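**Student:** The structure's right below; bear with me while I get my questions together.
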Amino acid sequence: MLRIKGLTKRYRTGDLALKGIDIDVPDGQVMALIGPSGAGKSTVIRCINRLVEPTSGSITLNDTDIVKLGSADLRRMRRRMGMIFQEYALVERLSVMENVLTGRLGYVGFWQSWLRRFPQSDIDEAFRLLERVGLDHMADKRADELSGGQRQRVGICRALIQNPELLLVDEPTASLDPKTSRQIMRLIRELCSERHLSAIINIHDVMLAQMFAERIVGLRLGEIVYDGPPDKLTPAVLTSIYGEEDWSATIRKVDEEAPDEEADNVVPFEVPRPDRDRLAGLT
Amino acid sequence: MTTIPARGRTWRRRDRRTELLVWAAWLFAVALFVGCFQLISDKTIWAFVWDAPTQAGDLAVRMVPPDWLYIRTLGRPIWDTINIATIGTLIAILLAIPVAYCAARNTTPSVSIVRPIALFIIVSSRSINALIWALMLVTIIGPGVFSGIIAIALRSIGFCAKLLYEAIEEIDEGQVEAVRATGASGAQVTGYGIVPQVLPAFAGISVFRWDINIRESTVLGLVGAGGIGLELNAAITQLYWTQVSLILLVIIGTVIVSEWVSAKIRHAII
């Protein structure tokens with residue numbers, strides 16, 4: 001259970017990015033954080049693992065206050081939170097396998113990691129995860145040889161191999177095409193339910209948020225203006241989050257495209273392809 | 001909506017005032033050049049200058065043919081020269097890594113204290129030529145190859161550290177952030193987030209500097225710091241012009257080989 005209370009962040013430039021945010025995320029909940037650029041979505045996520053230092057407030061994960069941790073304890077806490085990034089943030093010149101094993105850095109010593117002598121159990125787990133996302137045959141490829149969707153899947157493996165309790169997902173689909181975006185969101189969603197993980201997903205795309213999240217929190221100028229289920233996102237709510245605009249198209253599309261999405265997965269008159277192909281973007 | 005008539009509007013790159021200023025600047029530059037030329041001309045003994053082609057031709061004749069047999073004594077000095085360059089470069093690289101790490105704004109332990117010190121090391125190393133370092137070192141540790149190695153190393157630290165710290169400052173912070181977010185320690189963040197990103201630049205810089213150092217180390221002998229320059233100096237003072245021409249040929253050959261090697265290595269890295 002993640003509990004954020006009165007989270008405030010003032011950047012050194014004087015900008016007040018977050019004005020006392022309260023969010024509780026129960027175990028196993030997938031929550032989408034939507035809002036316009038500059039609303040503070042990234043800041044919320046980065047305050048949770050303290051890539052950004054909160055100015056005030058408390059963030060507790062299973063009764064440990066993250067804000068008060070010293071640097072060694074903070075590192076141990078970060079191991080319990082997997083992060084997935086917008087531009088994938090893979091180390092481009094390392095192989096897929098090395099990138100996945102990066103998720104284990106918090107558990108092994110410096111020389112062990114420098115010499116790439118990870119425990120066999122970590123390597124087994126890395127292969128298992130890569131297989132799960134359909135990339136086990138790519139283990140020795142360099143990260144910069146992969147396509148966007150493939151890179152994001154490696155990013156997901158890197159987060160999951162940490163064996164986290166919470167996923168922090170920052171704009172996972174902003175650099176991906178619409179189809180790959182859905183595949184990635186579906187994958188995140190599936191993995192969360194498989195492992196009973198909770199997740200906070202920052203996302204621009206309201207439609208995707210509605211399709212894949214159980215709960216939506218709308219952020220505007222550092223304040224929460226909506227917190228509720230996806231189907232309660234009315235034009236009025238979207239206006240309060242993003243400002244005046246004709247929202248009918250956005251909302252109607254969800255209703256129309258949701259069945260479409262299902263049809264997408266069934267290839268008619270063909271033997272159903274294995275999961276791996278679908279995930280690897282081969283269909 | 002009103003539209004501005006498109007025709008009849010004039011456009012100039014600069015307005016009249018700027019135009020005049022530009023002309024004035026050019027006039028001043030030309031006047032300065034003519035003035036300087038006059039000054040230099042007055043202080044030049046033109047008879048010597050007009051004589052130069054004859055002198056050069058004369059020297060060229062005395063240099064031909066090179067004293068080919070002299071090559072047997074050049075093996076050792078050229079080997080020394082290559083060693084000075086190579087070992088000097090290695091030492092410089094080893095010392096440049098921590099200096100660059102401290103100088104880069106995103107990795108330095110302290111922006112207000114450590115970084116200025118690192119930058120000062122870089123500037124002082126870069127501003128003093130290897131020949132001057134050698135001149136001082138020969139008086140301090142005596143003539144020989146060792147002085148040459150240290151001179152090359154001292155000169156190269158600044159060069160390598162400067163290029164390396166610029167490479168470190170240009171890395172993608174997102175990758176570093178991602179490694180940090182996994183709970184990695186500071187050393188691990190460096191090893192996984194920063195090192196892979198700067199490794200190609202690092203290798204390129206090292207090879208490039210080695211290539212430069214081969215050329216620089218050929219002259220160090222002039223001040224007694226070992227290598228082929230010693231032979232060159234001796235040959236010139238003794239007016240053995242046929243030996244001088246052979247040494248110059250050997251130097252050119254060495255430099256061509258080193259350029260070829262470094263080009264090959266850089267190509268392999270990038």
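Derivation of every value follows stated rules applied to the coordinates shown; laboratory data play no part. Bear in mind that the values here come from a model prediction, so they are computed numbers and not experimental data. In this analysis, Cβ positions are derived from the backbone assuming ideal geometry, glycine residues included, and neighbour counts consider all displayed protein chains.
**Student:** Need the list of lysines near A:Lys9 for cross-linking: C-alpha distance under 27 angstrom, and skip anything on the same chain fewer than eight residues off.
**Tutor:** Counting by Cα, and skipping residues close in sequence, A:Lys9 has these lysines nearby: A:Lys19, A:Lys41, A:Lys68.
**Student:** Select from A:Trp111, A:Leu197, A:Leu187 the residue farthest towards the positive end of the dipole of the range A:82-238; place +1 on Cβ of Lys and Arg, -1 on Cβ of Asp and Glu, and compute about the Cα centre.
**Tutor:** Final value for the positive-end residue is A:Trp111.
**Student:** Moving on. Checking the a/c ratio against 1.5 first, then a/b against b/c, what shape does the Cα gyration tensor give for chain B? Walk me through the numbers before you get to the answer.
**Tutor:** Numbers: a/c = 2.28, a/b = 1.13, b/c = 2.01.
Taking the square roots of the gyration eigenvalues as a ≥ b ≥ c, chain B is oblate.
**Student:** Something else now. Could you tell me the calculated FRET efficiency between A:Ser56 and B:Arg14, based on Cβ-Cβ distance and R0 = 56 angstrom, to the nearest 0.05?
**Tutor:** That gives a FRET efficiency of 0.55.
**Student:** Per-residue mean of other chain beta-carbon atoms within 10 angstrom of the beta-carbon, peptide A:106-117?
**Tutor:** Mean partner shielding for this stretch: 3.
**Student:** Quick check: from the Cα gyration tensor, does the protein assembly as shown come out rounded (a/c under 1.5), prolate or oblate?
**Tutor:** prolate
**Student:** Give the residue from A:Pro230, A:Ala126, B:Trp241 lying farthest towards the positive end of the charge dipole for the protein assembly as shown; charges sit on Cβ (+1 for Lys and Arg, -1 for Asp and Glu) and the dipole is referred to the Cα centre.
**Tutor:** B:Trp241
**Student:** With the crude spin-label approximation of a point 7 Å out along Cα→Cβ, what separation in nm comes out for B:Ser41 versus B:Asp67?
**Tutor:** 4.4
**Student:** While we're looking at this one, here's another question. Note down the relative contact order for chain A as a percent, whole number, built from C-alpha pairs under 8 angstrom at least six residues apart. Display every interim value, and only then the final one.
**Tutor:** Details: 496 pairs, mean separation 70.2, N = 283.
Reported as a whole number, the value is 25 percent.
**Student:** Now a separate question. When you look at the Cβ of every residue in A:91-97, what mean number of other chain Cβ atoms sits within 10 Å?
**Tutor:** Neighbouring Cβ atoms belonging to other protein chains average 4 per residue here.
**Student:** Which of the GluC sites (Glu not before Pro) found in the range A:75-119 are in a DSSP loop and have at most 11 neighbouring Cβ atoms, other than their own, within 10 Å? Intermediate values should be presented prior to the final figure.
**Tutor:** Working: sites: A:Glu87, A:Glu92, A:Glu98; in loops: A:Glu87, A:Glu92.
Answer by residue number: there is no such site.
**Student:** Given Cα positions, please report Rg to Rh for chain A, the hydrodynamic radius being the Kirkwood one.
**Tutor:** Checking Rg against Rh, the ratio lands at 0.97.
**Student:** How do B:Arg9, B:Arg115 rank when sorted from fewest to most other Cβ atoms within 10 Å of their own Cβ?
**Tutor:** B:Arg9, B:Arg115
**Student:** A:Leu7: net charge of surrounding residues, Cβ under 13 Å, Lys/Arg +1, Asp/Glu -1, itself excluded?
**Tutor:** +3
**Student:** Evaluate the charge dipole of the range A:72-138 about its Cα centre and quote only its size in Debye, nearest 20, assuming +1 on the Cβ of each Lys and Arg and -1 on the Cβ of each Asp and Glu.
**Tutor:** Roughly 340 debye, rounded to the nearest 20.
**Student:** Sort B:Ser217, A:Ser58, B:Ser41 by Cβ crowding within 10 Å, fewest neighbours at the top.
**Tutor:** On the way: B:Ser217 31, A:Ser58 14, B:Ser41 9.
With the fewest neighbours first, B:Ser217, A:Ser58, B:Ser41 line up as B:Ser41, A:Ser58, B:Ser217.
**Student:** To the nearest Å, what is the center-to-center distance of the range B:110-152 and the range A:1-62, using C-alpha atoms only?
**Tutor:** What the calculation gives is 50 Å, centre to centre.
**Student:** I've got another one for you. Quickly work out the B:Val22-to-B:Lys264 label distance, labels modelled 7 Å from Cα along the C-beta direction, and quote it in nm with one decimal.
**Tutor:** Taking the two extended label points, one gets 5.1 nm.
**Student:** Further, regarding this structure: How large is the charge dipole for chain A, taken about the Cα centre, if only the Cβ atoms of Lys, Arg (+1) and Asp, Glu (-1) carry charge, to the nearest 20 debye?
**Tutor:** 1320
**Student:** Still on this model: Would you mind ranking A:Arg153, A:Arg78, A:Arg93, A:Arg12 by Cβ crowding within 10 Å, fewest neighbours first? Mind showing how you got there, number by number?
**Tutor:** Numbers: A:Arg153 29, A:Arg78 25, A:Arg93 16, A:Arg12 5.
Fewest to most other Cβ atoms nearby, the residues stand as A:Arg12, A:Arg93, A:Arg78, A:Arg153.
**Student:** For Cα pairs less than 8 Å apart in space and 6+ apart in sequence, what is the mean separation divided by the residue count of the range B:75-269, i.e. the relative contact order in percent?
**Tutor:** Reported relative contact order: 28 percent.
**Student:** Here is a further query. May I ask you to derive the FRET efficiency for B:Arg7 and A:Ser37 from their Cβ-Cβ distance with R0 = 30 Å, giving the value to the nearest 0.05?
**Tutor:** 0.10
**Student:** Which value in deg cm²/dmol, rounded to the nearest 500, describes the helix-derived mean residue ellipticity at 222 nm for chain B, given -39,500 (n - 2.57) per DSSP H run of n ≥ 4 and division by the residue count?
**Tutor:** Only helices count here, giving -26000 deg cm²/dmol.
**Student:** 7 Å from Cα along Cα→Cβ at both B:Ile256 and B:Phe33: what's the point-to-point distance in nm?
**Tutor:** Taking the simple label geometry, B:Ile256 and B:Phe33 are separated by 3.6 nm.
**Student:** Follow-up question, since we're still on this one. Place a +1 charge on the Cβ of each Lys and Arg in chain B and a -1 charge on the Cβ of each Asp and Glu, then give the dipole magnitude about the Cα centre in debye, rounded to the nearest 20.
**Tutor:** 900
**Student:** Ok, one more. Compare the Cα positions of B:Val145, B:Ile168, B:Ile113 along the charge dipole of the protein assembly as shown (+1 at Cβ of Lys, Arg; -1 at Cβ of Asp, Glu; about the Cα centre) and return the one farthest towards the positive end.
**Tutor:** B:Val145
**Student:** On to the next question. Setting aside same-chain residues fewer than 8 positions from B:Lys162, which lysines have a Cα under 25 Å from its Cα?
**Tutor:** Those lysines meeting the cut-off are B:Lys264.
**Student:** Continuing with this model, one more query. Out of the DSSP beta bridges found with both residues in the protein assembly as shown, what percent are antiparallel (nearest 5)?
**Tutor:** So the antiparallel bridges amount to about 55 percent of the total.
**Student:** Work out which chymotrypsin sites (Phe, Trp or Tyr not before Pro) in chain A are exposed loop sites (DSSP not H, G, I, E or B, at most 13 other Cβ within 10 Å) and give the longest gap free of them.
**Tutor:** Formally, the longest exposed-site-free interval is A:12-268.
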